[in-house]
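The values are calculated or read from the model by the stated rules, or taken from the named source; none is laboratory data. Small disclaimer: the values here were computed from a predicted structure and weren't measured. Here Cβ is always computed from backbone atoms with ideal geometry, including for glycine, and neighbour counts include all displayed protein chains. Note: accessible area is taken over every heavy atom of the protein model, side chains too, but ligands, DNA and RNA are not part of it. Shrake-Rupley method; radii C 1.70, N 1.55, O 1.52, S 1.80 Å.
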Amino acid sequence: MQKPIIAIAWSQYPGGRMGYRSGNPLPDPFFFDLLVDGDSPPTHLPLFARADLMGEALDRYMNFVTLGGGIPVIVPIAKSTDTMGAILDRVDGVLLSGGDDVAPSFFAEKPLSRECTGNLPRTWSETALIREAVARKLPLFGICRGIQQLNVTFGGSLLQDLPTQAPSELNHYDPHGRTFHSVTSEGPRN
């Protein structure tokens with residue numbers, strides 16, 4: 001049996017909270033996002049994130065896909081639905097990774113602040129990727145931001161800033177990526 005190829009939607013293009021809180025651009029970026037715009041030459045965008053966050057997170061996604069028996073393939077931000085179709089022609093499933101905020105305009109809201117603008121190119125690109133994957137009946141799996149992106153793509157809403165919109169004792173942000181807490185599923189609502 002052939003190993004499944006899993007597309008990992010991934011980007012560390014600076015947008016929203018991660019772009020403002022992750023620190024200064026690296027003096028010599030060693031990873032680039034590729035922005036593809038139809039027939040135009042690809043644009044390389046330098047990665048604006050701390051090295052300990054970007055490399056570790058991407059490695060984790062790739063390692064878990066590999067450990068699960070798959071072959072990971074990274075999907076860049078794309079401005080063309082043709083690009084998404086060409087990628088999806090070659091994969092068996094899609095993993096929507098965590099990362100920066102979903103752009104509020106995609107759930108019909110204006111940003112609450114400069115930190116809540118989200119990542120518009122990534123949100124558009126992943127919306128197109130999800131719609132095309134659903135049309136092809138490909139399996140989709142969302143983690144953190146990926147779940148939020150699925151929710152918004154199918155008409156859901158989000159809270160842009162938990163500390164101001166839903167204050168609690170829980171810390172929902174750590175610049176070192178060590179924020180987590182338990183959750184309880186209530187099951188589907190009728």
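Taking the criterion of being outside any loop (DSSP other than H, G, I, E, B) and buried (at least 17 other Cβ atoms within 10 Å of the Cβ), the residues of segment 74-91 that qualify are Val75, Ala78, Thr83, Met84, Ile87, Leu88.
Are any residues in segment 92-102 within 17 Å of Gly156 (Cα to Cα) and either open to solvent by 30 Å² or more (accessible area, probe 1.4 Å) or out of contact with any Phe, Trp or Tyr (no Cβ under 9 Å at 6 or more places or on another chain) (or both), and if so, which ones? Scanning segment 92-102 gives Asp101, Val102. Would you call Val94 within 18 Å of Cys144 (Cα to Cα), modelled with pLDDT of 90 or more and in a helix (DSSP H, G or I)? Judged against the criteria, Val94 is not a match. For segment 125-134, taking the residues that are touching a Leu at 6+ places or on another chain (Cβ under 9 Å) and among the hydrophobic types (A, V, I, L, M, F, W, C), the one that is surrounded by the fewest Cβ atoms within 10 Å (Cβ to Cβ) is identified as Val134. The set of residues in segment 103-124 being open to solvent by less than 10 Å² (accessible area, probe 1.4 Å) and without any contact (Cβ under 8 Å) to a residue 60 or more places away in the chain consists of Pro104, Thr123.
In segment 144-167, the qualifying residues are those that are part of a loop (DSSP other than H, G, I, E, B) and open to solvent by 60 Å² or more (accessible area, probe 1.4 Å), and the one that is nearest to Ala128 (Cα to Cα) is Phe154.
Any residue in segment 61-85 that is at negative phi and basic (Lys, Arg) sitting within a Cβ distance under 6 Å of a residue that is open to solvent by 40 Å² or more (accessible area, probe 1.4 Å) and assigned to a loop (DSSP other than H, G, I, E, B)? List the pairs, counting only those 6 or more apart or interchain. Once the first residue is at negative phi and basic (Lys, Arg) and sits in segment 61-85, its partners that are open to solvent by 40 Å² or more (accessible area, probe 1.4 Å) and assigned to a loop (DSSP other than H, G, I, E, B) give Lys79/Asp37. Here Phe141 meets the list (1) in contact (Cβ under 8 Å) with a residue 60 or more places away in the chain; (2) in contact with a Gly (Cβ under 8 Å, 6 or more places away or on another chain) almost entirely, failing just condition (1). Going by what's in this entry, would Thr66 be described as surrounded by fewer than 20 Cβ atoms within 10 Å (Cβ to Cβ), under 14 Å from Glu126 (Cβ atoms) and among the hydroxyl-bearing types (Ser, Thr, Tyr)? For Thr66, the condition - surrounded by fewer than 20 Cβ atoms within 10 Å (Cβ to Cβ), under 14 Å from Glu126 (Cβ atoms) and among the hydroxyl-bearing types (Ser, Thr, Tyr) - is not met.
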